[in-house]
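S.K.: The structure is given below, and queries will be raised subsequently.
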Amino acid sequence: MKISVIDKGSGIAAQFAQAIGAQTSGRFINIPKSKGSGYITGFSWGSDLRMMIRNYYLHEAVFVERTNELAEGQEDVVVLLSGIFPPLVNGQEQLLPERARIMICRHLVSSIMEMPSNTSFGSVTIAISRKYLLQLFGHINHPVVANVLEAKENFVVEMEVSSDIIVTANQMLKQPVPESLESYYYKLKCEELLCYTFALLLKREEMPAIGVHIDDIKAIYAIKAHLQAHLNEPPHIAGLAKQAKMSEPKLRKLFKRIFGRGVFEFYQFLRMEMAARLLKDKKLTVSEVGYQLGFTNLSHFSRVFAKYHGIKPKQYSQS
């Protein structure tokens, strides 16, 4: 299903709900059983801070083409925290979890949101004005944080999720306060998630990609998608650069600035993420996982896995 929506500053949840025939109950938009299961909800604390929570899965893949029409002078920064809720279950079948990641970017003019079928989406999206962001973190003396706070042009930076973010996200699902206090409670949790996100920025050495043309951002994310789809094939930089229509040095530089890792290092990270998932969720043997991910030497696979996860794959599968 393809959906085209225009965000005029209030978000796209209502338009998305209408397109898939979802029902609204209070602050919850419930996914109809014919389309999947779960809900979308959110809060708005004026024009400076908004939060949308997605916790659902869909039977059919959905592609949302989103166009933003921002008010003059509006300079929102968007923080997307994906894969931070426990995966939902469809009957007796656990769905494919959304990849856990953090993406920080400017409110881009347009973007494509892909929602594959039978995937558990558990994310929080925070839109925050630059003015409010400066009030919270403007006192921090750190070059990466300063770059994010001061960026006037398109930028994007992506990081891995921390355990603190996962804990806070799970607390948000339980909502331990009365309805009369929920707006206050969720605002505190929203700012807590921002705090943990900026704590991760403080650990980052590579500067974010600032002043990058939207076409280059899309090209780099197309390279990322290619790596994810071909985990059994080592990346060929020359071919990827040709695909992205940019030079090899530019590709290497932009990729590392966005993801904090070089192309091959990121590819190896994705492989080890998938290896852990196949061992844990799919119950495959170590040799099956190694060969599926393109390793011809299982000893090498075991060493690489231990480097990323701290233990050998056989120990991981038995733990």
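Every read-out reported here was derived from the displayed coordinates using simple, explicitly stated rules and does not represent laboratory data. Because the structure is a prediction, the values reported are computed rather than measured. Cβ atoms come from the backbone with ideal geometry, glycine included; neighbour counts cover every protein chain shown.
S.K.: In nm, to one decimal, how far is the modelled label at residue 47 from the one at residue 131, with both set 7 Å along Cα→Cβ?
M.R.: Label at residue 47, label at residue 131, 0.7 nm between them.
S.K.: What is the gain in length, in nm to one decimal, between residue 309 and residue 206 on full extension, counting 0.36 nm per residue of separation less the C-alpha to C-alpha distance? Don't jump to the answer; show the numbers that get you there.
M.R.: Values: separation 103, 0.36 × 103 = 37.08 nm, distance 2.26 nm.
Gain on stretching residue 309 to residue 206: 34.8 nm.
S.K.: So, one more: Please list, in order, the residues from the stretch 148-167 whose amide nitrogen is less than 15 Å from a point placed 7 Å along the Cα→Cβ vector of residue 140.
M.R.: Within reach of a label on residue 140, which here means backbone N under 15 Å from a point 7 Å along Cα→Cβ, the stretch 148-167 contributes 148-151, 157-162, 164-165.
S.K.: Quick check: from the Cα gyration tensor, does the stretch 214-319 come out rounded (a/c under 1.5), prolate or oblate? Show your work: numbers first, answer last.
M.R.: Details: a/c = 2.52, a/b = 2.37, b/c = 1.06.
Judged from the Cα gyration tensor, the stretch 214-319 comes out prolate (a/c at least 1.5, a/b above b/c).
S.K.: Rounded to the nearest 500, what is the 222 nm mean residue ellipticity of the chain from helices alone, with -39500 (n - 2.57) per DSSP H run of 4+ residues and division by all residues? List each step's numbers first, then the result.
M.R.: Details: 12 runs with 136 residues, N = 319.
So the calculated ellipticity at 222 nm is -13000 deg cm²/dmol.
S.K.: Can you give the alpha-carbon Rg of the stretch 108-229 over 2.2 N^0.38 Å, where N counts its residues?
M.R.: Details: Rg = 16.6 Å, N = 122, 2.2 N^0.38 = 13.7 Å.
Rg over 2.2 N^0.38 Å, computed on Cα atoms: 1.21.
S.K.: Under 11 Å from the Cβ of residue 255, count the other residues' Cβ atoms, weight Lys and Arg +1, Asp and Glu -1, and hand me the total. Mind showing how you got there, number by number?
M.R.: Numbers: positive: 224, 250, 252, 253, 256, 257, 261; negative: 158, 206, 216, 248, 265.
Computed value for this residue: +2.
S.K.: Also, I was wondering about something else. First check a/c for the stretch 201-276, with a ≥ b ≥ c the square roots of the eigenvalues of its C-alpha gyration tensor; if it is under 1.5, answer rounded, and if not, answer prolate when a/b is larger than b/c or oblate otherwise.
M.R.: Details: a/c = 1.95, a/b = 1.13, b/c = 1.72.
In terms of gyration-tensor shape, oblate.
S.K.: Let me ask another. Taking 0.36 nm per residue of separation and subtracting the Cα-Cα distance, what length does fully extending residue 99 through residue 287 add?
M.R.: On the way: separation 188, 0.36 × 188 = 67.68 nm, distance 2.39 nm.
Stretched fully, the residue 99-residue 287 segment lengthens by 65.3 nm.
S.K.: Residue by residue, what Karplus-based ³J(HN,Hα) values in Hz, rounded to whole numbers, does the stretch 174-187 have, using 6.51, -1.76 and 1.60 with θ = phi - 60° and x for Gly and Pro?
M.R.: 7, 6, x, 10, x, 4, 5, 10, 5, 4, 5, 4, 6, 5
S.K.: Residue separation times 0.36 nm, minus the C-alpha to C-alpha distance between residue 153 and residue 300: what's the value?
M.R.: Values: separation 147, 0.36 × 147 = 52.92 nm, distance 4.30 nm.
Full extension of this stretch gives 48.6 nm more.
S.K.: Can you compute the modelled spin-label distance between residue 90 and residue 164, with each label point 7 Å from Cα toward Cβ, in nm?
M.R.: About 3.6 nm separates the two model spin labels.
S.K.: Indicate the gyration tensor shape class of the stretch 81-166 (rounded, prolate or oblate), computed on the Cα atoms with a ≥ b ≥ c the square roots of the eigenvalues: a/c under 1.5 is rounded; otherwise a/b larger than b/c is prolate and the rest oblate.
M.R.: On the way: a/c = 3.06, a/b = 2.01, b/c = 1.52.
It comes out prolate by the Cα gyration axes.
S.K.: To continue, here is another question. Across 10 Å bins from the origin, how do the percents of Cα pairs in the stretch 2-210 run, short distances first?
M.R.: Result, from short to long distances: 8, 34, 38, 17, 2, 0 percent.
S.K.: I would also like to ask the following. By a straight-distance test (C-alpha under 23 Å), which lysines pair with residue 189 as possible cross-link partners, with residues fewer than eight away in the same chain excluded?
M.R.: Straight-distance partners of residue 189: 131, 174, 203.
S.K.: Moving on. So for the stretch 142-182, what are the equivalent ellipsoid semi-axes in whole Å, largest first, each being the square root of 5 times an eigenvalue of the Cα gyration tensor? If you can, show how the numbers build up before the last one.
M.R.: Working: eigenvalues 201, 44, 16 Å².
Value: 32, 15, 9 Å, ordered largest first.
S.K.: Could you order the peptides 97-103, 279-285, 257-263 from most to least packed, using the average number of other C-beta atoms within 10 Å per residue? Mind dumping the intermediate values first?
M.R.: On the way: 97-103: 18.0, 279-285: 13.7, 257-263: 20.9.
Top of the packing list down: 257-263, 97-103, 279-285.
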